[in-house]
1. Within segment 434-452, how many residues turn out to be buried (at least 24 other Cβ atoms within 10 Å of the Cβ) and part of a helix (DSSP H, G or I)?
2. Out of the residues in segment 186-222 meeting the condition of being small (G, A, S) and outside any loop (DSSP other than H, G, I, E, B), tell me which one is modelled with the lowest pLDDT.
3. Go through the residues of segment 371-385 one by one and say whether even a single one is of a type in the set (K, R), closer than 16 Å to D471 by Cβ and touching a residue at least 40 places away in the same chain (Cβ under 8 Å).
4. Can you tell me how many residues within segment 390-409 are touching a Leu at 6+ places or on another chain (Cβ under 8 Å) and in a loop (DSSP other than H, G, I, E, B)?
5. Please tell me if S491 is surrounded by fewer than 23 Cβ atoms within 10 Å (Cβ to Cβ), modelled with pLDDT under 90 and part of a helix (DSSP H, G or I).
6. Tell me the residue from V23, V108 that is within 24 Å of the chain's Cα centre (by Cα) and under 28 Å from Q162 (Cβ atoms), please.
7. Is there a residue being within 30 Å of the chain's Cα centre (by Cα), hydrophobic (A, V, I, L, M, F, W, C) and at pLDDT 90 or above anywhere in segment 319-332?
8. Tally time: how many residues in segment 47-94 are of a type in the set (V, I, T) and surrounded by 15 or more Cβ atoms within 10 Å (Cβ to Cβ)?
Amino acid sequence: MKAQQQIPRNALVWSVITLFALVAPHFARIPLWILAVYVFAAIWRIMVYRGRWSFPSRWVKVFLILTSCIGLYFSFGTFLGLEPTVALLLTAFALKLMELAERKDAYVLLFLGYFVCVTEFLFSQDLLIVLYSIFTVTLITTALLALHQPDQHKFNPRTIRQAGVMLLQAFPLMIVLFFLFPRIGPLWTVPIKSHAAKTGVSDFMRPGDISNLSQSADVAFRAQFEGDIPGTTDLYWRGLVFSKLVDGAWTSLRYFDVPAKHRRQLEPELSGPELTYSIIMEPTQQNWLYSLRYAKSTQAKVMDSADYRLYSPVILEDEYQYRVRSWPNAQIEDELSDWRRKAELTLPDNENPQTLAFAQQLRVESDGDRAFVDAILQKFNREEYIYTLQPPLLGDNAMDQFLFQTRRGFCEHYAYAFVVLMRAAGIPSRVIAGYQGGEVNPVNKTVIVHQFDAHAWAEVWLEGEGWVRFDPTAAVAPDRIEWGLERAVASEGSFLSNSLLSPLRYRSVIWINNLRLRYDALTWQWKKWIVGYDSDTQFEFLQNWLGEISGRKFALILLGSWALVLIPVAISLLAKRDIKRTSALDRQYLAFCTKLEKLGLVRAAGEAPGDFGARAGQVLPDKADDIDKVTRLYCGLAYAEGFSGQEKKSIEFEELKNTVRRFRG
């Protein structure tokens, strides 16, 4: 192998460091055996460098590829999907290190590294991930730079400084491209992520589902209001409407479950205050959105359904930002169609007979629908019902067991039972699933809604009032609605019991809580202005700054901004930075030559100091002694051992300075 094709030791070390830095963010989503492959590949390549092992043979490569593919299939059960695809890429990336023999192999590995770095954004675009990705890009660039330093036979940590300078030079152009370059749709489809991760409120609800979700401290979404933030008791974030009860689970009516003439939403008469706010949702792998009661949005990508909920026509694979207006006091659906009434009254046959009998008996004793509702709420409030994150399991006839035996449940238990009682009494009702409350961030006045804020309540249709919200949980545990889940279950110590490292468990520690809130405020700005900077936002931004946009005007602005960024960088790169500075010794001699020039003696180009001194002594015999002394001292310092900082302080240099100063031209 030619010397210029070999991989310098410095480049090899940086390549191995880069390898492990790139796989680090994927630790939580790949099997442990892939990490073992990385360690194995690194050890093999190091042993090859030390001359103890040889590069893997063709059959060894085939064996490693086959075993890796088999391992991936057994780990994920398929080769389709985002996680197995990324895992396959990461495995190939590690195996490529083992056959890193020449520079061309290193180029392939490192250029592939840039692509591996981008794959992390398919899972998260969090600010910390972006900062870490900048770090890994710097490492890849460092390894590439080290490839062009063949004289570096030892590991050189300073190489990363040069790579950092190169990336800083590219940073202004990156900013220009981000804000001005047209947002073009993807040229290919990214495989859908696995739905195995927590995705928030599900599209069906059984007793225990929301209590399980409430063990998570993950953020569901953030909201920012224009004006005052409503009180916590008014923050009911409506997401799903459950109208069907099948096999013990509440589900929503699908699009084709609703007759065509009932699929359009009936516009209510608007009254009361109007709330305007923006929401940034975390990825859910679902398509429903959250809002306060009766919400409308002018965005084309936000749609509404006949049961007054919002949804997106596409699955939310990434953060999703939308703007909403709500009228919480609007009277929804004053008149109920026969079809809707039947849908919101249907109950399964031969289930929960004790509950149905109790509801029918109480309905006879009640003076109207509103009185019946109040009677049920009073039952929950006055009798021994317990709000808990650890409810017992229920079997067949679950509501009979819950209402008359266990009497322990979470919000979904009470909403489930409440709606069954309403329907048994002939009152149209349905379960609403979403979130209630949220944490107000004092730093930027956003409302942070976590997964543990997940909640279920009921909507009841009353004559002359339309759909009215009732929350049976408020009758059992008013602290849950007023102060949140943490206080409501404080006595049993179950709040985030499975998330010991969550900062939310340590809100009482002031500096930890302040740090968490400030970072969350920074996250809001990041998601709003960077992650949410799509084609619509870009068009609005350019229109606000540039007015009406034409193709020619946009091209001129784009090219002009590139020029403003690239020209200074080009000048700095092309400037002569390697000009040797004149030493203190040379400056003294040049000053002496200048004085001789005033006397008519000009030193010729390339004329040696000794020759020039001899010629000057002949022309100026009265100054010959000083000329000879300066020439002798200069040559002695400059040519004997070379001039350095030590000689600068020597007696000879001081004598030279004094002689030149006294010499009169």
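1. So the count comes out to 1.
2. Narrowing segment 186-222 to residues small (G, A, S): 194, 196-197, 200, 202, 208, 211, 214, 216-217, 220.
If we keep only those that are outside any loop (DSSP other than H, G, I, E, B) as well, we get 211, 220.
Details: S211: 69, A220: 92.
Ranking the candidates gives S211 first.
3. Narrowing segment 371-385 to residues of a type in the set (K, R): 379, 382.
Those still in the list that are closer than 16 Å to D471 by Cβ too: 379.
Filter again for touching a residue at least 40 places away in the same chain (Cβ under 8 Å), leaving none.
There is no residue in segment 371-385 that is of a type in the set (K, R), closer than 16 Å to D471 by Cβ and touching a residue at least 40 places away in the same chain (Cβ under 8 Å).
4. Of the residues in that region, 0 qualify.
5. Details: surrounded by fewer than 23 Cβ atoms within 10 Å (Cβ to Cβ): yes; modelled with pLDDT under 90: yes; part of a helix (DSSP H, G or I): yes.
So S491 fits the description; yes.
6. Details: V108 fails: within 24 Å of the chain's Cα centre (by Cα).
Residue meeting the stated conditions: V23.
7. As a first pass, look at segment 319-332 and keep what is within 30 Å of the chain's Cα centre (by Cα): 319-326.
Among the residues that remain, those that are also hydrophobic (A, V, I, L, M, F, W, C) are: 324.
Of the ones still in play, those that are also at pLDDT 90 or above are 324.
Scanning segment 319-332, I find at least one residue that is within 30 Å of the chain's Cα centre (by Cα), hydrophobic (A, V, I, L, M, F, W, C) and at pLDDT 90 or above, so the answer is yes.
8. As a first pass, look at segment 47-94 and keep what is of a type in the set (V, I, T): 48, 60, 62, 65, 67, 70, 78, 85-86, 91.
So of that shortlist, the ones also surrounded by 15 or more Cβ atoms within 10 Å (Cβ to Cβ) come out as 48, 85-86, 91.
Selection size over segment 47-94: 4.
The values are calculated or read from the model by the stated rules, or taken from the named source; none is laboratory data. Predicted model, so just to flag it, every value in this text is computed and none were measured. Note that we place each Cβ from the backbone using ideal geometry, even for glycine, and neighbour counts take in every protein chain shown.
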